[in-house]
1. Write out the trypsin sites (Lys or Arg not before Pro) in segment 1-77 meeting two conditions: DSSP loop, and at most 14 other Cβ atoms within 10 Å of their Cβ.
2. Please enumerate, by chain and number, the aspartates and glutamates with C-alpha under 20 Å from the C-alpha of LYS154, excluding those fewer than 8 residues away in the same chain.
3. State, to one decimal in nm², a quarter of the convex hull surface area for the C-alpha atoms of segment 110-191, i.e. the direction-averaged projected area.
4. Give LYS98/LYS128; LYS48/LYS182; LYS161/LYS182 a once-over and call out the pairs whose C-alpha atoms are over 21 Å from each other.
5. Name the helices (complete DSSP H segments) of the chain with a Cα length along the long axis of 18 Å or more and a Kyte-Doolittle mean of at least -0.5, or state none.
6. Let me understand segment 1-148 better: what is its radius of gyration from the alpha carbons, and its Dmax, in angstrom?
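Every read-out reported here was derived from the displayed coordinates using simple, explicitly stated rules and does not represent laboratory data. Keep in mind that this is a model prediction, so the values were computed, not measured. Every residue, glycine as well, gets a Cβ built from its backbone with ideal geometry; the counts of neighbours run over all protein chains shown.
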Amino acid sequence: MALDSEYIEKLKKRFGELDEVKNEVINKSIKITRLSKSIIYSLIRDNKEDAEKYIKEIDKEVNEIKEYLSEYPFLYPNISVALQEYAEALIFYYYLTKEILPTHEELGIDEFSYINGLMEFTGELSRKATEEMIKNNLDFAIKVRKLIEDIYLKMLYIEFKNFDLRKKVDYVANNLNWLNEKIFYKTLFRR
C-alpha cells in the first residue's frame, strides 16, 4: 500500500513551514549574538547609555525567540548559543552597573545557557579589568580577580559531567591565570 498523496502534500507543507520558522529563529539568534557583543563592547568602553539601548533591543528579540521555543522546543539547539551570549552580556551589565550576578530565573533563561554565559562572562570581565589597569585602576582588577576565582571554585564544585561545560571551567581557570599575570606585572611596575 502506497502513502496517500494528499498526506504527503500536507507533510511537505508542514516541513516547509518549519523550515521558515527555523530560518527566522536562526536570524534572530544572529541578531541576539550581535547585540550581545554590542552591549559588551559598550560596557568595556564605559558607554552605559548605548549598552542600555542595546539591552532594550535584545530583550525584545529574546522574548520573541522564547515564544518560538515554547511552540517548537526542538529548535533549542538553534538558539542555545544566542541565549548563552545573552546571559553573558546581561551578567556583565548587571555586574558592572549594580555589582550583582543575576540568576538564570532573573534572566528568564535555562540553566545550561546561564552557566555557559556565566563562564564566558569571566573572559569579558578579564578584558574590562585590563582596560581598568591601563587607567591605573588596579583595585577593580583585584576585585574582579576574586570574583573570577569564586566562580571558578563554584564551577569546580558542581562537577560537570558534560565535556563542553568541563572545558568552560578550564576557560575560567585560564582567565583567572591570565588576569593574575597582568596584575602581577602591573604591581611589579607600579613600584
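1. Here the trypsin sites (Lys or Arg not before Pro) that fit, given the DSSP loop and packing criteria, are ARG45.
2. Leaving aside aspartates and glutamates fewer than 8 places away in the same chain, those within reach of LYS154 are GLU88, GLU99, GLU105, GLU106, ASP110, GLU111, GLU120, GLU124, ASP164, ASP170.
3. 5.2
4. LYS48/LYS182; LYS161/LYS182
5. 5-44, 76-98, 111-134, 138-158
6. Cα only, segment 1-148: 19.7, 79 Å (Rg, Dmax).
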